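These notes concern the structure reproduced below.
Quick note: the coordinates plus some simple rules give every number you see, no bench work behind them. Quick caveat, the model's predicted, so the values are computed rather than measured. Neighbour counts run over all protein chains shown; Cβ positions are idealised from the backbone, glycine included.
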Amino acid sequence: MSKDKKANRRKNYFIKKGFQIRFILKFCLLVLVGVIMSTGLLFLFSRGTLTSSYQQSRLMIRDTASAILPTTIYINLVILGLITLATIVIILVISHKLAGPLFRFEKELKEIGEGNLTTVIRLRKRDQIADLAGSLNDMTDSLREKVLAVQKEVEHLSETASRVNAPKEIVEQLNQLHQKIVSHFKI
């Protein structure tokens, strides 16, 4: 496998599990509210109607709401369970597709923010934020070039100041400025 393919290959990054869990719980709570509302509406609209059924070879005539309520609750619980399982699977898959690159993106942006201007944001070409990553990589390259130019200019000024016997304070300040650039930025 070539180096380019290895560099673009997705590694396993941890996704914020708290986000996934909260999203799944909120979605399941929304489905539960929907189940309760549909059961309540079915019960409400079936009031005042009668239903006939056979139980132990006997014809029973009852209020429709009380006749179908236990079965409706049981069916809704089964559906809620199936939707919950489907939600968990779908959210895990989607979050790995969306949140995975965002999590990597966040980590690499923190590195750049800490002064590591050699960081390159690598995402798959099909990721939704690949264009944004490319723009940020261009920005980081531009910043690295500018910091290098400032660093070289400070070195040049420091050397010139030493040669022309400039006051010692100026030479020391230029050296301190150079050290700050070196310590704050990885270029």
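Which pairs, out of 97/125; 110/180; 146/168; 107/152; 17/107, put more than 22 Å between their alpha-carbon atoms?
In this structure, 146/168; 107/152 exceed 22 Å between Cα atoms.
Mind telling me which of 147, 78, 164 comes out most flexible in a GNM of the chain, alpha-carbon contacts under 10 Å?
So, out of 147, 78, 164, the one fluctuating most is 164.
Set the Förster radius R0 to 22 Å, insert the Cβ-Cβ distance between residue 62 and residue 42 as r into 1/(1 + (r/R0)^6), and round the FRET efficiency to 0.05.
With a Förster radius of 22 Å, E is 0.90.
Would you kindly state how much longer the chain becomes between residue 184 and residue 152 on full extension, computed as 0.36 nm times their sequence separation minus their alpha carbon distance, in nm to one decimal?
Once the chain is fully extended between residue 184 and residue 152, it gains 10.0 nm.
First check a/c for the range 117-187, with a ≥ b ≥ c the square roots of the eigenvalues of its C-alpha gyration tensor; if it is under 1.5, answer rounded, and if not, answer prolate when a/b is larger than b/c or oblate otherwise.
Prolate, since a/c reaches 1.5 and a/b exceeds b/c.
What is the packing order of peptides 49-55, 177-183, 154-160, taking the mean over residues of other C-beta atoms within 10 Å and listing the highest first?
In descending order of packing, they fall as 154-160, 177-183, 49-55.
Using label points projected 7 Å from each Cα along Cα→Cβ, tell me how many nm separate residue 33 and residue 116, to one decimal.
The two pseudo-label positions are separated by 4.2 nm.
How far, in nm, would the chain grow between residue 84 and residue 175 when pulled straight, counting 0.36 nm per residue and subtracting the alpha carbon separation?
26.5 nm
Under a cut-off of 18 Å between alpha-carbon atoms, report the aspartates and glutamates in cross-link reach of residue 186, not counting same-chain residues fewer than 8 places apart.
Partners found: 108, 111, 114, 138, 141, 145, 153, 155.
Using r as the Cβ-Cβ distance of residue 25 and residue 107, and R0 as 25 Å, what FRET efficiency do you calculate, to the nearest 0.05?
0.45
What helices in the chain pass both tests, a Cα length along the helix axis of 20 Å or more and a mean Kyte hydropathy of 0.5 or higher, using whole DSSP H runs?
17-45, 64-113
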